[in-house]
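Bear in mind that the values in this text are calculations on the coordinates, not laboratory data. Everything numeric here is computed off the predicted structure, so don't read it as measured data. When we count neighbours, we look across all protein chains shown, and the Cβ atoms used for this are built from the backbone with ideal geometry, even at glycine.
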Amino acid sequence: MNIFRLTGDMMHLASILILLLKIHTSHSCAGISFKTQVLYLTVFLTRYLDLFTNFTSVYLTCMKIFFIASSAYIIYLMRFPFKDTYNKHLDAFRWEFLLGGAAVLALVFPQKYTVREVFWTYSIFLEMLAILPQLFQLQRTGEAATITTHYLFALGAYRALYIANWIYRYQMGEHVDGVAVLAGIVQTALYCDFFYIYFTRVLRGQRFKLP
Amino acid sequence: DEEQTEHDEL
């Protein structure tokens, strides 16, 4: 565990708490992609298959349980109490391609052909693209509530910090997963446009609005 | 004997 990894995990945790705060304070899930949230739950469920069979640390176990439970809870909130605030016409990304594409990549690139490894690889490639429906919706709407942009910033920062974590690990001679690094770099790159507007507008107190 | 790959990241 290094400082980049720990800060990255904390940003991931923070992103989910910010999203929950947004939904609860505004009593609305407007601007949030339901598809992205379902993809994240799928990512956690397929990645943490070893949750109850392979104990490594209290930290990992607690975080895994939190990620699964919180993303399931967010989906529940979007599907039931705040269903009326969800606009499915804005959430129009064709996510079948993501689910299918990640499945193909998972069958081509696993380190070993075991159920766990194939699912783990699937989760890595699915996470790589899971933010696309959310970014697509942002693009369509052209603007976003400030708290929603803080959510996206925390999520993007988590990914960027993981890259710093891998560089650190590599230099320390620790094991680094090639597939995870490659997918992580692609995933972080997807946030570039968002980061630019976040830094040049939102952090200067302006509304998030696409040019 | 098959050894599990260790994935220690979240």
Task: Where Cα atoms sit under 30 Å apart: lysine pairs in chain A separated by 8 or more or lying on different chains - done: 15
TODO: Just grab the label-to-label distance for A:His175 and A:Tyr113, each label 7 Å out from Cα along the Cβ direction, in nm (one decimal).
DONE: 2.2
Task: Inter-site label distance for A:Asp193 and A:Arg140 at 7 Å from Cα along Cβ, in nm - done: 1.5
Open item on the list: Test of understanding: extend the Cα→C-beta vector of A:Thr56 to 7 Å, then name every residue of region A:124-149 with backbone N under 12 Å from that spot.
Closed with: none
TODO: Work through the residues other than A:Phe194 whose Cβ is under 15 Å from its Cβ and net out their charges, Lys, Arg +1 and Asp, Glu -1.
DONE: +3
Task: At least 27 Å along the helix axis (C-alpha) and Kyte average at least 0.0, DSSP helices within chain A - done: A:3-26, A:58-79, A:146-171
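Can you pull the mean other chain C-beta count within 10 Å for peptide A:83-93?
0
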Open item on the list: In the protein assembly as shown, if the dipole is taken from +1 on Lys/Arg beta carbons and -1 on Asp/Glu beta carbons about the Cα centre, which of A:Phe119, A:Tyr48, A:Ala144 is farthest to the positive end?
Closed with: A:Ala144
Task: A:Arg207-A:Ser26 FRET efficiency (beta carbon distance; Förster radius 25 Å; 0.05 resolution) - done: 0.95
Task: Distance between region A:76-140 and region A:174-211 - C-alpha centres, whole angstrom - done: 18
TODO: Quickly estimate the mean residue ellipticity at 222 nm for chain A, helices only: each DSSP H run with n ≥ 4 gives -39500 (n - 2.57), and the total goes over all residues, rounded to 500.
DONE: -23000 deg cm²/dmol
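If packing is taken as the average count of other Cβ atoms within 10 Å, what order do A:71-82, A:145-156, A:10-21, A:56-67 fall into, highest mean first?
Descending packing order for the listed peptides: A:145-156, A:10-21, A:71-82, A:56-67.
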Open item on the list: I'd like the mean, over residues of A:39-48, of how many other protein chain beta carbons sit within 10 Å of each residue's own Cβ.
Closed with: 1
